[in-house]
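Accompanying notes for the structure given below.
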């Protein structure tokens, strides 16, 4: 895996999770606004839009989880590729040693 491919993988995962989290948070705020009102103990007279609050929370949490999951995936892929290349090098060395 190249560095550029790893960067795009992590960024794509973060953006995808951020968009998904924002949509889910906005939907929760629109469908059940009392959830965020009770969660943050918002008083009756305060000017807070639960959909906007949910969108903001969803985007930030989605971005964070997307970064974490994207990095874990890249680490696993790089680890696997490293192990496979080391196995091939060992196999080639062993074949050369036996043939000599």
Two-site FRET efficiency, residue 35 against residue 82, from Cβ-Cβ distance with R₀ of 41 Å, rounded to 0.05: 0.35
Pair-distance profile P(r), taking every C-alpha pair of segment 7-49, with 10 angstrom steps and integer %: 26, 35, 23, 14, 2
The chain, helix-only ellipticity at 222 nm - DSSP H runs n ≥ 4, -39,500 (n - 2.57), divided by all residues, nearest 500: -31000 deg cm²/dmol
Bins of 10 Å from zero: percent of alpha-carbon pairs in the chain: 16, 26, 19, 15, 11, 7, 4, 2, 0
Backbone N within segment 52-85 under 18 Å of label point (7 Å from residue 5 Cα along the Cβ vector): 70-85
Degrees between helix 3-31 axis and first principal axis of the chain (Cα, 0 to 90, nearest 10): 20 degrees
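Just so you know, all these numbers are worked out from the coordinates, no wet-lab data involved. Note that the coordinates shown come from a computational prediction; the quantities given were computed from them, not determined experimentally. All Cβ positions, glycine included, derive from the backbone under ideal geometry; neighbour counts span all protein chains shown.
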